[in-house]
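This report concerns only the one structure given below.
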């Protein structure tokens, strides 16, 4: 699936961009299914706001129990002071997570393909397990910032085996909140871990408190259908979307079953829904 030069680029830069990895129709089917899920979601069931500032990420039970469920998280700026939505529900959801790839047939079909299985094998994953999936809306006008972070902070394995797969379901530009990354930033080591705290909630374990060299960030502007592969230690972010255009994306995280997945990681699954491969 991947040429030797592409694997070398991934290992050198910490990310790899693959244009036209999925076709327009596949992107549109995923978008349509996400819209159906949001339409059928009743906000009265639970309101959980996804804090896009990683240091203040919400750690309510609705969030912490979402590893083996399909749950909905609102934008920080979605609500008025009186608790009512500023705009329609469909334009207020930040993301859906975190087991779409196992619990929804449309997302399962998109997530489990021979091409993806071959790709992660080329990157050294011998026994792949699909760990987490997220549908990210990056809503027009209110799409929140995601501050600079490493995926391994939140989904740690020992040894590191995580691969992030980020699919552009719409064109991603600087204006509507594309990804930014620090090339070769994955060589700097892991700066922190996000853990379940004893007694409930979450905490950060910090190994390096220095700031990211954000002047080194480069925008990853891509067209619909592009796949961006992310190293678990790559520093990356996405800025606010204040444009009138959304920036829908789907992310999938894969780990190797041979690696240890700690029980203190925030994302956990019940025995009733074990991790599966492709």
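The values are calculated or read from the model by the stated rules, or taken from the named source; none is laboratory data. Keep in mind that this is a model prediction, so the values were computed, not measured. Positions of Cβ are generated from backbone atoms using ideal geometry, with glycine treated the same way; all protein chains shown enter the neighbour counts.
Before we move on, is residue 170 farther than 30 Å from residue 61 by Cβ and either assigned to a loop (DSSP other than H, G, I, E, B) or in contact with a helix residue (DSSP H, G or I) (Cβ under 7 Å, 6 or more places away or on another chain) (or both)? Considered against the rule, which asks whether it is farther than 30 Å from residue 61 by Cβ and either assigned to a loop (DSSP other than H, G, I, E, B) or in contact with a helix residue (DSSP H, G or I) (Cβ under 7 Å, 6 or more places away or on another chain) (or both), residue 170 comes out as yes.
Of all the residues in segment 141-167, those that are in contact with a strand residue (DSSP E or B) (Cβ under 7 Å, 6 or more places away or on another chain), in a loop (DSSP other than H, G, I, E, B) and at pLDDT 95 or above number 5.
At pLDDT 90 or above, more than 14 Å from the chain's Cα centre (by Cα) and under 14 Å from residue 251 (Cα atoms): which single residue out of 102, 68 fits that description?
On the way: 68 fails: under 14 Å from residue 251 (Cα atoms).
Just one listed residue meets the conditions, 102.
Restricted to segment 181-244, the set of strands (runs of 3 or more DSSP E) holding at least 3 residues that are more than 28 Å from residue 21 (Cβ to Cβ) comprises 192-196, 202-206. Identify, please: which residue in segment 111-129 is out of contact with any strand residue (DSSP E or B) (no Cβ under 6 Å at 6 or more places or on another chain) and closer than 23 Å to residue 68 by Cβ and is, among those, surrounded by the most Cβ atoms within 10 Å (Cβ to Cβ)? Only one residue fits best here, namely 116.
Scan segment 206-236 for residues that are exposed (fewer than 12 other Cβ atoms within 10 Å of the Cβ) and touching a strand residue (DSSP E or B) at 6+ places or on another chain (Cβ under 8 Å) and the total you get is 3.
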